[in-house]
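Beneath this line is the structure, given in structure tokens, with notes to follow.
The values are calculated or read from the model by the stated rules, or taken from the named source; none is laboratory data. Treat the numbers as computed from the prediction; the structure is a model and nothing was measured. Backbone-built Cβ (ideal geometry, glycine too); neighbour counts: all protein chains shown.
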Ligand SMILES: Nc1nc2c(c(=O)[nH]1)N[C@H]1C(S)=C(S)[C@@H](COP(=O)(O)O)O[C@H]1N2
Ligand SMILES: [Mo]
């Protein structure tokens, strides 16, 4: 039987999902949850109501508005990977309250004409906020659909005026052991580093996100600013970013450093290239199917090439051997 590779049996029913399930059963008993109509959809696209509102105009970028039903906010904010707060899916929601998203600044540096340090509030004003509904596919074999709020990363890159040596962009997440208990563990080499080729980073779908579900990002989802790369495995979407650096050489990401043969530089979603320890052909959508909201017994759905964004991003990899450049 297929089992999610990085999920320990102890994590199969994270407490939050359990509580969620009890709520759901209560609703079901009242007959409400069976009316799977518009109300359920409306519920799924609004936030928890506890964070500041951050509206975004519906994006006009091609491919930016998936028509699939968004994952429930409750699921998207309690089933997370953010190893700076622990490795269990429930850890970030339980421990990320110590993260302080203000004051915050992002340093933009390296091979560019206009290096600068931007306060988060200035960064947020740099371009108009858009809503983008993206599929997010984790390398572990699960996926969600999340309505993000932000603008194209290209807006920031253009402002910094990268020079001709800027072939790649490196992203660094905060690594403060005072705010992030997981950073005291050796599970990854901190700070969390990710990288993109500059043309990937300039693609209009590459998103710098400040919010989700019409509100600012919850800490566990990478407040106050993160990357979202919808055609790549989730780990490429670095959270709580403090540095964006233009470099000439291909950066080594924390995951590549941890297991070079398992996590390549590109990490494009590709159902035809298996992870050395499991297949990438199918995925389970979080919140779908029977067996509780964790959807453990949900039918797995086929994973799409480039996570369904092939028409938009396929050209970036024309002529490349995607088995070698995984
Ligand atoms: N800094 C940092 N960024 C990170 C991670 C992390 O552990 N640390 N996990 C990644 C992984 S594996 C995934 S699947 C996504 C999950 O994003 P979400 O919790 O908002 O769904 O964040 C990515 N960004
Ligand atoms: Mo992931």
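Filter segment 186-230 down to residues that are part of a strand (DSSP E or B), more than 12 Å from ligand 1 (Cβ to nearest atom) and out of contact with any helix residue (DSSP H, G or I) (no Cβ under 7 Å at 6 or more places or on another chain), then give me how many there are.
Count: 5.
Condition check ((1) at pLDDT 95 or above; (2) within 21 Å of residue 82 (Cβ to Cβ); (3) surrounded by 23 or more Cβ atoms within 10 Å (Cβ to Cβ)) across all residues:
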| residue | (1), (2), (3) |
| --- | --- |
| 218 | yes, yes, yes |
| 230 | yes, yes, yes |
| 234 | yes, yes, no |
| 240 | yes, yes, yes |
| 247 | yes, no, no |
| 250 | yes, no, no |
| 260 | yes, no, no |
| 264 | yes, no, no |
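Would you point out the residue of segment 57-94, among those that are away from ligand 2 (no atom under 16 Å from the Cβ) and crowded, with 20+ Cβ neighbours inside 10 Å, that is farthest from residue 314 (Cα to Cα)?
Residues of segment 57-94 that are away from ligand 2 (no atom under 16 Å from the Cβ), as a first pass: 57-70, 72-74, 94.
Filter once more, so that each one left must be crowded, with 20+ Cβ neighbours inside 10 Å: 59, 64, 70, 72-74.
Values: 59: 20, 64: 15, 70: 24, 72: 30, 73: 30, 74: 33 Å.
Ranking the candidates gives 74 first.
Just one of 242, 183 is away from ligand 2 (no atom under 16 Å from the Cβ), part of a strand (DSSP E or B) and either within 26 Å of residue 262 (Cα to Cα) or in contact (Cβ under 8 Å) with a residue 60 or more places away in the chain (or both); which is it?
242
Could you check segment 94-156 for strands (runs of 3 or more DSSP E) lying wholly inside it with 1 or more residues that are within 16 Å of ligand 1 (Cβ to nearest atom)?
Details: elements: 105-110, 116-119, 130-137, 142-152.
The qualifying strands (runs of 3 or more DSSP E) are 105-110, 130-137, 142-152.
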